[in-house]
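The values are calculated or read from the model by the stated rules, or taken from the named source; none is laboratory data. Since the structure is predicted, the reported quantities are computational estimates derived from the model, not experimental observations. Every residue, glycine as well, gets a Cβ built from its backbone with ideal geometry; the counts of neighbours run over all protein chains shown.
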Amino acid sequence: MEAGKVVELSPLVRRITAGNGSVFTGPGTNTYLVGKEEVTVIDPGPAMQEHIDVITAAAPNIKQILVTHTHPDHSPGVRLLKENLDVPAYGMLTNSSKNQDQTFSPERILDDGEVFQEEEFSIEVIHTPGHASNHLCFILKEEKLIFTGDHIMNGSTVVIGPPDGNMKQYIQSLEKLKDYDIEKIAPGHGELLENPHEVADWIINHRLEREKKVFQALREATKGTPDSLVEKVYDDVDSSLFPIAKASLLAHLIKLEEDQLIYSSGEEYFIENTN
Ligand SMILES: [Zn+2]
């Protein structure tokens, strides 16, 4: 994927990838332009002027901006876009301040299930907490295409970092996608994906497999923390990724506790309730 290029994906949808590729963002954040006569921008990306310039050159007729969530690689571009354009931005907010774009102040907070009825197309809003509590997906009904932000990425595993990230909600939000008539995924990072329902199932299984390893490791050790368990649970990943893995491991421990399968006291998790 080449940053700064306008890629035509379908009659209604174009994609521009920002030049912020990294371990966390893969090839960079995808911005989507929906519509021809009037354009809805999904995720203007990081605050990179050159990226914003490509967006406005490709779409001189922007009507509104939608934001999947407020991590720094997805929404700070809103502020730059609005410097020269009088257009509204919509999304959800979070109480968390960790790793969040504090400049995002939407004209209106979106509701799960609401529909933007435009002249050329309609977009349905779906609340999908998990990666972030305020995460939204958007379905372009006419093309059965779902914009998944960081709920589903192509090519890398989504980071679930507590407390704003929540593994139990993440899996529920993946299950939720299976209620919708969708045929393609336009992720926040990476290329288009086919078969959304199968992709969701694959991710759910993958996460539950990892959860099993977490439970197993805790049972062997009888107690533990992300620090003490990471080596055993993530024996298939390079140790340079352990800092990220620990966030997901904590998310798994919290889910297991929410499911009342394990217990905690302070930072430590237990297989038996010692209280
Ligand atoms: Zn994110």
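Take the range 157-187 and flag every residue that is hydroxyl-bearing (Ser, Thr, Tyr) and more than 15 Å from the ligand (Cβ to nearest atom). Answer for the range 157-187, where residues must be hydroxyl-bearing (Ser, Thr, Tyr) and more than 15 Å from the ligand (Cβ to nearest atom): just TYR180. Elements of the type strands (runs of 3 or more DSSP E) sitting completely within the range 28-75 and holding at least 1 residues that are more than 16 Å from the ligand (Cβ to nearest atom) and more than 17 Å from ARG108 (Cβ to Cβ): these cover 30-34, 39-42. Can you work out which of the residues in the range 76-100 that are away from the ligand (no atom under 15 Å from the Cβ), part of a loop (DSSP other than H, G, I, E, B) and in contact (Cβ under 8 Å) with a residue 12 or more places away in the chain is farthest from PRO162 (Cα to Cα)? Looking at residues that are away from the ligand (no atom under 15 Å from the Cβ), part of a loop (DSSP other than H, G, I, E, B) and in contact (Cβ under 8 Å) with a residue 12 or more places away in the chain, I get LEU85. Pairs are defined by a Cβ separation below 8 Å, a sequence spacing of at least 6 or placement on different chains, a first member in the range 47-69 that is farther than 18 Å from PHE147 by Cα, and a second member that is small (Gly, Ala, Ser) and within 16 Å of the ligand (Cβ to nearest atom); the pairs so defined are ALA47/GLY77; MET48/ALA18; MET48/GLY77; HIS51/ALA18; HIS51/GLY45; HIS51/GLY77; ILE52/GLY77. VAL13 satisfies every condition listed in (1) within 18 Å of the chain's Cα centre (by Cα); (2) among the aliphatic types (A, V, I, L, M); (3) within 19 Å of CYS137 (Cβ to Cβ) except (1). Within the range 141-156, being touching a Ser or Thr at 6+ places or on another chain (Cβ under 8 Å) and more than 12 Å from the ligand (Cβ to nearest atom) holds for LYS141, GLU142, GLU143, LEU145, PHE147. Beta carbons closer than 8 Å, at least 6 apart along the sequence or on distinct chains, pair a first residue in the range 25-41 that is assigned by TED's automatic domain parsing to the domain that holds GLY188 with a second that is of a type in the set (Phe, Trp, Tyr) and at pLDDT 95 or above for TYR32/PHE147; VAL34/PHE121; GLY35/PHE121; THR40/PHE116; VAL41/TYR32.
Put simply, of GLU142, GLU183 the only residue that is free of Cβ contacts under 8 Å to residues at least 60 places away in the same chain, surrounded by fewer than 19 Cβ atoms within 10 Å (Cβ to Cβ), of a type outside the set (A, V, I, L, M) and assigned by TED's automatic domain parsing to the domain that holds ASN99 is GLU183.
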